[in-house]
Amino acid sequence: MYFDAIIFAGYEALAKEMALTPIPWEWHHFPDQESYVRVTGHVPSHVNILCGLNQPDSKLFSLMLLSDALRECGAKHITLIAPYLGYMRQDTRFKSGEALSSHVLGCVLSSTVDHLITVDPHLHRIHSLDEILTIPSSTVHSYALIADYIKIHITNPLLIGPDLESAQWVKTIADLLQAPYVIATKERHGSTDVSVHVPKLSAYTGCHPVLIDDVISSGHTLYQAARSIQHPDLAIVAVHGIFANNAHSLLQSVSSQIVTTNTIPHVTNAISVAHALIEEIWRSRCDSNARPQD
Ligand code: R5P
């Protein structure tokens, strides 16, 4: 069985790998930047949207318009497959007067779609997506996929997390690989101003250091961590590669092996979440069919 989906620009390759059947639609912006959407293909009652929420400001309102158009065309249940969920790092008010972005995102998505499937959301002070959503959601984890990649491509790995928030990925992957790990400490002074302190690695001579993080945005967290490790064969592996501005070239200056999953399309994508996502769509479709209907 194939699943029908609206595919956002950039996600065609992942959609193909997932064997999703694209529903024809139009999406463009007027000269004043307002969005226009129109669904031109057949819409089944249970429909999917594949749209990663990197660069979210330009996509979120279009998603709301799309949801309206899909429902007008007969959709009764909309599943949003957002391999990357933006706005999750501002999960508390760090300074008074700030907006609680993750909660606002949760409200918007809950009133736009009926189910969310995502990959490794940045959950730190929030422990479950249920804390920000009023719709059901499913999370796909990339731990095993990343562990498989490292097992095949890197001998004798030493996993290094650049900050406390990366610890959940680093520890789980280290566990799967039975490999050693260390967690560094980070202080963020601004978007591109961070300092990272990596503990002494003298006990791990002969190991191949692998920096692991969930998100590469400006790249400065991993850049500073790499500078303090200073190893000629340092590898960098991240779940979500946003690579804002010059992040990619910045990281290329400290590592010749930079790898991400394909939750956000980028030349560094070498680990695919396609099968894990399609399995999750199947699982949630079976669950919703099993649930009593209103
Ligand atoms: C932070 O909490 C995340 O785990 C990443 O470390 C962070 O998002 C990386 O951001 P940047 O690449 O801008 O330093």
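All of the numbers you see were taken from the coordinates with simple rules; none came from a lab. This is a predicted model, so every value here is computed, not measured. Note that each Cβ is placed from the backbone with ideal geometry, even for glycine, and that neighbours are counted across all protein chains shown.
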Nearest 5 is fine: what % of DSSP beta bridges in the chain come out antiparallel, could you say?
20
Using a/c under 1.5 as the rounded threshold, could you call region 139-183 rounded, prolate or oblate? The axes a ≥ b ≥ c are square roots of the C-alpha gyration tensor eigenvalues, and prolate needs a/b larger than b/c, oblate otherwise.
oblate
If the elastic network links every pair of Cα atoms under 10 Å, which of ILE126, ILE117, ILE242 fluctuates the most in the Gaussian network model of the chain?
ILE126
Please identify, among ASP193, ASP32, ASP233, the residue showing maximal mean-square fluctuation in a Gaussian network model of the chain using a 10 angstrom Cα cutoff.
ASP32
Most fluctuating of SER128, SER102, SER137 in the GNM of the chain (C-alpha, under 10 Å) is SER128
Roughly how many whole Å is it from the C-alpha centroid of region 107-128 to that of region 187-233?
28
Charge dipole (debye, nearest 20) of the chain; +1 at Cβ of Lys and Arg, -1 at Cβ of Asp and Glu:
480
Region 124-251: C-alpha gyration tensor shape, a/c 1.5 cut-off, then a/b vs b/c:
oblate
Helix-derived [θ] at 222 nm for the chain: sum -39500 (n - 2.57) over DSSP H runs of at least 4, divide by residue count, nearest 500?
-9000 deg cm²/dmol
Cα-based shape type of region 1-87, given that a ≥ b ≥ c are square roots of the gyration tensor eigenvalues and the cut on a/c is 1.5:
oblate
From the P(r) of region 184-224, could you give the percentage of C-alpha pairs in the tail past 11 Å?
70
In region 149-294, what percentage of the DSSP-assigned beta bridges are antiparallel, given to the nearest 5?
20
List the equivalent ellipsoid semi-axes of the chain in whole Å, largest first, each obtained as the square root of 5λ for an eigenvalue λ of the Cα gyration tensor.
35, 21, 18
Return the subset of LYS16/LYS76; LYS95/LYS171; LYS151/LYS200; LYS16/LYS59; LYS59/LYS171 for which the Cα-Cα distance in this structure is over 26 Å, preserving the input order.
LYS95/LYS171; LYS59/LYS171
